[in-house]
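These notes concern the structure reproduced below.
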Amino acid sequence: MTTAAINFYVREGLLPRPEKTAATRALYEESYVERIERIKDLKARGLPLRVIGRVLNEADPASVFGVAEASGTSEAARTPARTNKVSTPLGIEAFAGEIGLSVDQVRRALDLGLLDPSSGGRDERSIRFVGRDVIAGKALARLLSNGIGFDLLARHTAEFEPLTRAESHFMAEHLALARNANVEESNQAIRETASGFARLRDYLRIRKFEQEYPDWAGK
């Protein structure tokens, strides 16, 4: 990269200010290389710099946008807010009982990345499941009960990873624009945008499915 580009990223807040050693010289830690690579990757995915800045500078961008508990799934968008939360985060055994799966099935889902709770630690004794985990867990239980096995789910999880990552960037751009355009009612605008994004994506998925598999349309 050119020095001009690096200086521009510093001015825009995408890179922290380095340690100046002279008027035209500075020391950059090794972490800058990784951060610049991530900026280049996000730019290649089509994200504008204002969104890249928020993704880079927040440990949990979703919480900054006010949607930490607003799942991107259509079920979460349709379910009243009171059902998206549990009064107390659940341990693995209580969670398994709540969603109707065995503890071993929950462990398998965790290993495959089908469930990824953010509360508590990663150790089974400390991991905790909140409302959005329950919604996802019940959806998983329905798939399993309808004959969708873990082998197929595991394959699709790996294949969906690039798509899921791309959609997270698309959603971040939507949320950033909504937040900037509705400063006084930011949280409400963010929640409505997250819900609208999820419903529109579901609509487009179904339409594409109907086009690709017309014999299944309407069933």
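Would you point out which residue out of G46, G13 is in contact (Cβ under 8 Å) with a residue 60 or more places away in the chain, in a loop (DSSP other than H, G, I, E, B) and surrounded by 10 or more Cβ atoms within 10 Å (Cβ to Cβ)?
Checking each option against the conditions leaves just G46.
Kindly establish whether G137 is over 30 Å from V51 (Cβ atoms) and under 21 Å from the mean Cα position of the chain (by Cα).
It is true that G137 is over 30 Å from V51 (Cβ atoms) and under 21 Å from the mean Cα position of the chain (by Cα).
Which residue out of A154, A176 is out of contact with any Lys or Arg (no Cβ under 7 Å at 6 or more places or on another chain), of a type outside the set (K, R) and in a helix (DSSP H, G or I)?
Values: A176 fails: out of contact with any Lys or Arg (no Cβ under 7 Å at 6 or more places or on another chain).
Result of the check over A154, A176: A154.
How many residues does region 18-40 hold that are part of a loop (DSSP other than H, G, I, E, B) and closer than 20 Å to G53 by Cα?
Taking region 18-40 and keeping what is part of a loop (DSSP other than H, G, I, E, B), we get 18, 23-24, 28-30.
Next cut, closer than 20 Å to G53 by Cα only: 18, 28-30.
Looking only at that region, the number is 4.
List every residue pair whose Cβ atoms lie under 9 Å apart, where the two residues are 6 or more positions apart in sequence or sit on different chains, the first residue falls within region 110-127 and is not assigned by TED's automatic domain parsing to the domain that holds E93 and modelled with pLDDT of 80 or more, and the second residue, located anywhere, is part of a loop (DSSP other than H, G, I, E, B) and small (G, A, S).
none
Just checking, which of A94, A136, A154 is surrounded by fewer than 17 Cβ atoms within 10 Å (Cβ to Cβ) and out of contact with any helix residue (DSSP H, G or I) (no Cβ under 6 Å at 6 or more places or on another chain)?
Just a single option satisfies the conditions, and that option is A94.
The values are calculated or read from the model by the stated rules, or taken from the named source; none is laboratory data. This structure is a prediction, so every number in the text was calculated from the model and none was measured. Cβ coordinates were reconstructed from backbone atoms using ideal geometry, including for glycine residues, and neighbour counts include every protein chain displayed.
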